[in-house]
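The values are calculated or read from the model by the stated rules, or taken from the named source; none is laboratory data. Remember, predicted model here, so these are calculated numbers, not experimental data. Neighbour counts run over all protein chains shown; Cβ positions are idealised from the backbone, glycine included.
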Amino acid sequence: MNVGANQTTLGDVEIGARAIIRAVRCARPDAVRLMEMGMLPGTQIELVRRAPLGDPLELRLRGYALSIRTAEAKLIDVEPVEP
Amino acid sequence: MSESSNDPAASAKRRTLVIAGNPNAGKTTLFNAITGARAKVANYPGVTVERRAATLELPKSGEVECVDLPGSYSLTSRSTEERIAVEAVLGLVERAPSALLVVCDATTLSRGLYLTTQLIDSGVPTVVALTMIDEARELGMEIDSEALERSLGAPFVRVVASTREGIDELLEQLDDAVSRNGPSAGDADDVANNGLGDAAMKAIEPLEAIFEAEHAGSTASARRCWAQWALLSSAEGSDLGLSAEAIAAIEDAHQAAEKAGVDLDLELIQARYRRIDEVVDEAIVKPAGRRTGSDRVDAVLTHRVWGMLVFVAVMVVVFEALFAWSEPMIEIVENLITYAQATAGRTLPEGPLADLVSDGVIAGVGNVLVFVPQIALLFIFISFLEDSGYLARVAFVIDRLMGAVGLHGKAFVPMLSGFACAVPAVMATRTMESRRDRLLTMLAIPFTSCSARLPIYVLVTAVVFNPDQRVLGVLSLGSVMLLAMYFLSVAAALGSAALLRRTGLRGPRPTLVLELPPYRVPLVRNVMRRTWERVKRFLLDAGTIILAFTIILWALLSFPKDDAITERFDRQRAEVEYRIPEAQRAERIAELDAQEAAEQLKISAAGRLGRAMEPALEPIGLDWRVGIGIIGAFAAREVFVSTLGIVFGIGDADEENPPLRQALGDAKWPDGRAVLTPLSGVSLMVFFVLACQCMSTIAVVRRESGSWRWPAFMFAYMTGLAYLAALAVFQIGQLLGWGGAT
């Protein structure tokens, strides 16, 4: 977990940890889709697990489960939430 | 286009209700509950998206056409297919709807309200059905639907679609909404800003003006709705059908926002979610608890080890079902066809008409019906997996592997099914959202070695390989070759997908944004209904093409006939009475029939084609007789074997038939060399691995891709590739000195 200058991304979060989204920096059509699915700054999100082959990830937000790949997760800045 | 009565006056009076909602929200169940099982399915014009519509009788509104839109999370779209929702809602293509029904899953309220509020804001009278209320109750949720109604200005009706709870109230509300027949003329010409900031409004206003100019009589709400849609949807490569003016305005808006340091997308989306969050805060009196049941199941099904094992097990079952369980049903169909053919033969006077009916029409119908068991089984499985929520987990688990060849996780089940039969597999690509991905998968599937190729491999390996020849002392050379063919087909399938993604169907792999819905028990009637819809579509669309092809092939194989040959054999058959003892007469007659068939086949159009093809077949080690077999195989690959039977004068043969194997083994070129050597046998098998020898596959690809362009392309490149590969195998093999017979 990065505490300090470098932004933590969703790709850095540990399994089972929670975080608050700060920014969605993906390329435009993807960013729009993710934001419309509720991934907005201020939304709380939980990293539930990785798929058996390592990718994609399963996230929990707004009461539902969403799967995105690590490539996109690395472009989403988050602030970890202390357990 | 839309299914409407023949009376123009009546259809002008008929109102439209458009039904939208998130995927997995129970929309289909609700649609069926409201309209009964009477949906008519057609395609939206110009795209391969299905339009399900059914008529509903309501007391006040009369006859209402209910149109079910594909499930979506937002009106925002990127392609012609995704545009359908916004076009339907704003009445841009078809007549504007009188009312909208939004299906909103109560357990995912905050996300579901995104689309819901978009639709309410469009200005069309909207009714919201809060589904999954039973689940919400179980999760301890308490929702104040009156608060939702107050804040958002639309009726919210709680329903449990599967038990019809709340349906009556819903129908009442729908009746009210539809009878208002669209936004009232007195709609305020001003729409609340709803939290949109200055930057957003600066971007929206010019677009609203453009919409007003292009659509006279539009309401302020519709303009606002469209403007936001246009701003969010426009992106590189989007196909939105916008005028040049609109495109320019959008560009300007985004640039201006960038200069001002504002993320326009974020502004627009956040404004809506802020509103939603406020509303939800008030309306959800008690939030939902965790779905412990679903979570526990997921812990196993997506577990690193157990998850993979369950995945493999499920796939094995699906595959086995397609490969084996369908056999008895296919046999029944085949027996029915044989019976029908025999009846036709008895009742109709002998001659070309009887042959046309028996071997053309009835055989053609048989060729279509024979696929129904596999299609039905596959779709029962897929519907079950989809409705239970497991299909999303399949995509989740296998995505990384499929990504290695540029395919989406959802391509796995279709590709796997291809090993049983490409026809239902191609149809199964419907579960994939991106059109490009669907096409890519459709074009790769025919390479997977379907079960119909197996008789060919079995026949050829039995003829050319000595069963005692062993590899590594254990496996017979024949089985090793068989395995090699399967590996080749997998390589070809994956390789072609990877290649196509870099060339013709270029584009980055679509980003994965996959909802993992909670596990639910599928409703059997939904599964059955959807399966029946698929089967019906297949019969009507692909079926007609297959029937046509069968008749054409029959004609090629049957005409022209030489009367002299018929006469000669008639004489010989007559002589059987005198020459042959009674016990052996039937056998001798059968022999004569088979020989006559062989001679007639030789001079038929197909026979002549085969001989004309011989110069092309020689370099790959095959002769004109195999050539005729290849032509016949176009009907269905297993027909290769029976056609070869006819060519060699053996009559009714399958791949196990000893006389056929003998005849093939003995077949010689004019100079005495054997035709089928191990090398030419391998060359033939390689050809069949890669060639598109199946009119039924072409028929379904035509159906699912929407034009003849793709099946034509597929046929051309597969046949070309097959020929080149066979050529390489045979010529290089000869160079290396492997050409001799064992």
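Restricting region B:281-297 to residues that are modelled with pLDDT under 85 and buried (at least 19 other Cβ atoms within 10 Å of the Cβ), which is farthest from the other protein chains (Cβ to nearest Cβ)?
B:291
Here's a check for you: in region B:83-105, which residue that is of a type in the set (Val, Ile, Thr) and assigned to a helix (DSSP H, G or I) is nearest to the other protein chains (Cβ to nearest Cβ)?
B:86
Based on what the data block shows, is residue B:38 more than 30 Å from residue B:539 (Cα to Cα), away from chain A (no Cβ under 14 Å) and part of a loop (DSSP other than H, G, I, E, B)?
no
For region A:60-77, does any single residue satisfy the condition of being under 21 Å from residue B:305 (Cα atoms) and in contact with a Phe, Trp or Tyr (Cβ under 8 Å, 6 or more places away or on another chain)?
yes
Would it be correct to say that residue B:427 is closer than 30 Å to residue B:637 by Cα and within 13 Å of the chain's Cα centre (by Cα)?
Considered against the rule, which asks whether it is closer than 30 Å to residue B:637 by Cα and within 13 Å of the chain's Cα centre (by Cα), residue B:427 comes out as yes.
Condition first: out of contact with any Asp or Glu (no Cβ under 8 Å at 6 or more places or on another chain), within 13 Å of chain A (Cβ to nearest Cβ) and part of a loop (DSSP other than H, G, I, E, B). Can you find one or more residues in region B:244-261 that meet it?
Scanning region B:244-261 turns up no residue that is out of contact with any Asp or Glu (no Cβ under 8 Å at 6 or more places or on another chain), within 13 Å of chain A (Cβ to nearest Cβ) and part of a loop (DSSP other than H, G, I, E, B).
How many of the residues in region A:45-73 are facing chain B (nearest Cβ under 7 Å), touching a strand residue (DSSP E or B) at 6+ places or on another chain (Cβ under 8 Å) and either part of a helix (DSSP H, G or I) or more than 19 Å from residue A:83 (Cβ to Cβ) (or both)?
Within region A:45-73, residues that are facing chain B (nearest Cβ under 7 Å), touching a strand residue (DSSP E or B) at 6+ places or on another chain (Cβ under 8 Å) and either part of a helix (DSSP H, G or I) or more than 19 Å from residue A:83 (Cβ to Cβ) (or both) number 8.
Enumerate the helices (runs of 4 or more DSSP H) found wholly within region B:262-340, keeping only those where 1 or more residues are within 28 Å of residue B:106 (Cβ to Cβ).
Because the criterion is at least 1 residues that are within 28 Å of residue B:106 (Cβ to Cβ), the helices (runs of 4 or more DSSP H) in region B:262-340 that meet it are B:264-283, B:292-301.
Taking region B:555-590 as the region of interest, how many residues are over 17 Å from residue B:352 (Cα atoms) and touching a residue at least 40 places away in the same chain (Cβ under 8 Å)?
Residues flagged as over 17 Å from residue B:352 (Cα atoms) and touching a residue at least 40 places away in the same chain (Cβ under 8 Å) within region B:555-590 amount to 1.
Which number in (1) more than 24 Å from residue B:89 (Cβ to Cβ); (2) more than 39 Å from the chain's Cα centre (by Cα) marks the one condition that residue B:209 misses?
Among (1) more than 24 Å from residue B:89 (Cβ to Cβ); (2) more than 39 Å from the chain's Cα centre (by Cα), the lone unmet condition for residue B:209 is (1).
In region A:40-48, is there at least one residue being out of contact with any Lys or Arg (no Cβ under 6 Å at 6 or more places or on another chain), charged (D, E, K, R) and surrounded by 15 or more Cβ atoms within 10 Å (Cβ to Cβ)?
Scanning region A:40-48, I find no residue that is out of contact with any Lys or Arg (no Cβ under 6 Å at 6 or more places or on another chain), charged (D, E, K, R) and surrounded by 15 or more Cβ atoms within 10 Å (Cβ to Cβ), so the answer is no.
Within region A:72-83, can you find the residues that are surrounded by fewer than 16 Cβ atoms within 10 Å (Cβ to Cβ) and either within 9 Å of the chain's Cα centre (by Cα) or free of Cβ contacts under 8 Å to residues at least 12 places away in the same chain (or both)?
A:74, A:82
Could you grab the pairs with beta carbons closer than 8 Å, sequence gap of 6+ or different chains, first residue in region B:627-651 and free of Cβ contacts under 8 Å to residues at least 24 places away in the same chain, second one hydroxyl-bearing (Ser, Thr, Tyr) and buried (at least 22 other Cβ atoms within 10 Å of the Cβ)?
That search, which allows pairs on different chains as well, returns B:629/B:643.
Let me confirm something: among A:57, A:53, A:10, A:66, which residue is of a type outside the set (Val, Ile, Thr) and surrounded by fewer than 22 Cβ atoms within 10 Å (Cβ to Cβ)?
After applying the criteria, what remains is A:53.
How many residues does region B:503-538 contain that are away from every other protein chain (no Cβ under 14 Å), within 21 Å of residue B:439 (Cα to Cα) and not in a loop (DSSP other than H, G, I, E, B)?
Within region B:503-538, residues that are away from every other protein chain (no Cβ under 14 Å), within 21 Å of residue B:439 (Cα to Cα) and not in a loop (DSSP other than H, G, I, E, B) number 4.
Output the number of the condition that residue B:507 fails; it satisfies all remaining conditions of (1) on the phi > 0 side of the Ramachandran plot; (2) buried (at least 19 other Cβ atoms within 10 Å of the Cβ).
(2)
Based on what the data block shows, is residue A:17 touching a residue at least 40 places away in the same chain (Cβ under 8 Å) and surrounded by fewer than 19 Cβ atoms within 10 Å (Cβ to Cβ)?
When the stated conditions are applied, residue A:17 passes them.
Test residue A:10 against the stated conditions and say whether it is under 26 Å from residue B:22 (Cβ atoms), within 11 Å of chain B (Cβ to nearest Cβ) and within 10 Å of the chain's Cα centre (by Cα).
Judged against the criteria, residue A:10 is not a match.
If I filter region B:632-672 down to residues being among the basic types (Lys, Arg) and modelled with pLDDT of 80 or more, which single residue comes out as nearest to residue B:554 (Cα to Cα)?
Out of the qualifying residues, it is B:661.
Among the residues that make up region B:127-134, is at least one of them touching a helix residue (DSSP H, G or I) at 6+ places or on another chain (Cβ under 9 Å) and farther than 28 Å from residue B:61 by Cα?
Yes; the residues of region B:127-134 include at least one that is touching a helix residue (DSSP H, G or I) at 6+ places or on another chain (Cβ under 9 Å) and farther than 28 Å from residue B:61 by Cα.
Test of understanding: among B:703, B:661, which residue is of a type outside the set (Asp, Glu), assigned to a helix (DSSP H, G or I) and within 30 Å of residue B:50 (Cβ to Cβ)?
Only one candidate passes the filter, namely B:703.
Give me the pairs: first residue in region B:288-305 and farther than 17 Å from residue B:392 by Cα, second residue assigned to a helix (DSSP H, G or I), beta-carbon distance under 7 Å, and six or more apart or on different chains, which are they?
What qualifies is B:288/B:107; B:288/B:136.
For region B:231-243, indicate whether the set of residues that are part of a helix (DSSP H, G or I) and away from chain A (no Cβ under 14 Å) is non-empty.
The answer is no, given that none of the residues of region B:231-243 is part of a helix (DSSP H, G or I) and away from chain A (no Cβ under 14 Å).
One residue is enough: does region B:709-728 have a residue meeting the conditions assigned to a helix (DSSP H, G or I), more than 30 Å from the chain's Cα centre (by Cα) and either farther than 18 Å from residue B:613 by Cβ or free of Cβ contacts under 8 Å to residues at least 24 places away in the same chain (or both)?
The answer is yes, given that some residue of region B:709-728 is assigned to a helix (DSSP H, G or I), more than 30 Å from the chain's Cα centre (by Cα) and either farther than 18 Å from residue B:613 by Cβ or free of Cβ contacts under 8 Å to residues at least 24 places away in the same chain (or both).
Okay, residues lined up against (1) within 14 Å of another protein chain (Cβ to nearest Cβ); (2) closer than 30 Å to residue B:293 by Cα; (3) crowded, with 21+ Cβ neighbours inside 10 Å; (4) within 25 Å of the chain's Cα centre (by Cα):
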| position | (1), (2), (3), (4) |
| --- | --- |
| B:353 | no, no, no, no |
| B:356 | no, no, no, no |
| B:365 | no, no, no, yes |
| B:371 | no, no, yes, yes |
| B:374 | no, no, yes, yes |
| B:383 | no, yes, yes, yes |
| B:386 | no, yes, yes, yes |
| B:391 | yes, yes, yes, yes |
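Restricting to region B:120-137, name every residue that is within 14 Å of another protein chain (Cβ to nearest Cβ) and surrounded by fewer than 24 Cβ atoms within 10 Å (Cβ to Cβ).
B:135, B:136
Within the set of pairs 6+ apart or on separate chains, which have a first residue in region A:31-43 that is facing chain B (nearest Cβ under 7 Å) and in a loop (DSSP other than H, G, I, E, B), a second that is surrounded by 21 or more Cβ atoms within 10 Å (Cβ to Cβ) and among the hydroxyl-bearing types (Ser, Thr, Tyr), and C-beta atoms under 6 Å apart?
A:40/B:273
Among the candidates B:319, B:311, single out the residue that is of a type outside the set (S, T, N, Q), under 26 Å from residue B:516 (Cβ atoms), at pLDDT 85 or above and under 26 Å from the mean Cα position of the chain (by Cα).
On inspection, the qualifying residue turns out to be B:311.
Could you pull out the residue among B:80, B:108, B:76 that is in a helix (DSSP H, G or I) and of a type in the set (S, T, N, Q)?
B:108
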